[in-house]
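Engineer: I have a structure here, written as structure tokens, and I will follow up with some questions on it.
The values are calculated or read from the model by the stated rules, or taken from the named source; none is laboratory data. On a predicted model such as this, the values are computed, not experimentally measured, just so you know. Note that we place each Cβ from the backbone using ideal geometry, even for glycine, and neighbour counts take in every protein chain shown.
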Amino acid sequence: MGSLKSRFLIPITAKDFSRRFTRLATGLVLVSVGIGLTVKARLGISPFDVLNQGVSRVTGWSFGLVVIVLGAVFLIMWIPLGQRYGIGTFINTATIGLMINATLSVVAAPSDTGAQWAMLLFGLLLAAFGMGLYISAGLGPGPRDGLMTGITAKGLPLWLVRTSLEMLALAIGWWLGGDVGIGTIIFAFAIGPLAHIFIVRFNLGVDGFDPNPRATLAE
């Protein structure tokens, strides 16, 4: 069976931790900025933010509290999937919302339709790039991405799993009263394939995909 630590925590040693942590931190910043740009584009928020917004409206909880609570629920869902937590998991959960808020506070909304579309598409690309970067750091994915990698380990294509999760979040969020726009649909269908491309680019290919990358020194 193994200890709880070995079963549920990604082991971390010191030799290349700095390199991995730099990749993790850079990826999280890029994801946060990318999501912030898609929000500022005002063409529709991401499917999981539609879900957060819908739950917030039904419960009366703040948006930030919903993000925390749903993140905790997603982490619990990792257990039957055999997905392991890492330092990156907890850093993601604790900081990504703050960085998105920071982006929203400093980025001005575009004044014309062309600029809106440019901001939306650039934000989407940036978010997918950052996702591939921080997942490939091997220090633990975030709550939503851990679901993606855990289910992918069962033999399904990564792009299909991510797109399915986005569409499920979108459907539930819309049903609960979350706002949906054309940007939401684009994000739902594009984030999976784009994330797949960048994760493969960062040496987590489909054939050898490891949903629980170890931060070990025996490389």
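Engineer: State whether the residues of region 89-110 include one that is assigned to a loop (DSSP other than H, G, I, E, B) and closer than 20 Å to L168 by Cβ. Don't jump to the end; show me each part of the working.
Structural biologist: Pass one, region 89-110, residues assigned to a loop (DSSP other than H, G, I, E, B): 107-110.
Retained after the next criterion (residues that are closer than 20 Å to L168 by Cβ): none.
No, that holds for no residue.
Engineer: Test each condition in (1) surrounded by 17 or more Cβ atoms within 10 Å (Cβ to Cβ); (2) at pLDDT 85 or above; (3) within 21 Å of V33 (Cβ to Cβ) for V106 and report the one that comes out false.
Structural biologist: (1)
Engineer: Any chance region 74-85 includes a residue that's crowded, with 22+ Cβ neighbours inside 10 Å, within 13 Å of the chain's Cα centre (by Cα) and more than 29 Å from R42 (Cβ to Cβ)? Don't jump to the end; show me each part of the working.
Structural biologist: First pass over region 74-85, keeping only residues crowded, with 22+ Cβ neighbours inside 10 Å: 83-84.
Filter once more, keeping what is within 13 Å of the chain's Cα centre (by Cα): none.
No, the conditions are met nowhere in region 74-85.
Engineer: Also, quick follow-up: As an exercise: evaluate R42 against (1) touching a Leu at 6+ places or on another chain (Cβ under 8 Å); (2) at positive phi and give the number of the one condition it does not meet.
Structural biologist: The single condition R42 does not satisfy is (1).
Engineer: Of the numbered conditions (1) part of a helix (DSSP H, G or I); (2) farther than 19 Å from Q53 by Cα; (3) of a type outside the set (A, V, I, L, M, F, W, C), E166 satisfies every one except a single condition; which is it?
Structural biologist: In the conditions (1) part of a helix (DSSP H, G or I); (2) farther than 19 Å from Q53 by Cα; (3) of a type outside the set (A, V, I, L, M, F, W, C), E166 misses (2) alone.
Engineer: Follow-up. Looking at (1) more than 23 Å from G86 (Cβ to Cβ); (2) in contact (Cβ under 8 Å) with a residue 24 or more places away in the chain; (3) part of a loop (DSSP other than H, G, I, E, B), which one does A137 not meet, given that it meets all the others?
Structural biologist: (1)
Engineer: Across region 176-191, which residue is modelled with the highest pLDDT among those that are within 13 Å of L51 (Cα to Cα) and within 16 Å of the chain's Cα centre (by Cα)?
Structural biologist: Going through region 176-191, the residues within 13 Å of L51 (Cα to Cα) turn out to be 176-180, 184, 188.
Adding the requirement that they be within 16 Å of the chain's Cα centre (by Cα) leaves 184, 188.
Values: T184: 89, A188: 79.
Looking at residues that are within 13 Å of L51 (Cα to Cα) and within 16 Å of the chain's Cα centre (by Cα), I get T184.
Engineer: Residues in region 111-126 that are of a type outside the set (D, E) and either assigned to a loop (DSSP other than H, G, I, E, B) or surrounded by 24 or more Cβ atoms within 10 Å (Cβ to Cβ) (or both): how many? Outline the logic, then answer.
Structural biologist: In the first step, residues of region 111-126 are kept if they are of a type outside the set (D, E); the result is 111, 113-126.
Next, only the ones that are either assigned to a loop (DSSP other than H, G, I, E, B) or surrounded by 24 or more Cβ atoms within 10 Å (Cβ to Cβ) (or both) stay: 111, 120, 123.
So the answer is 3.
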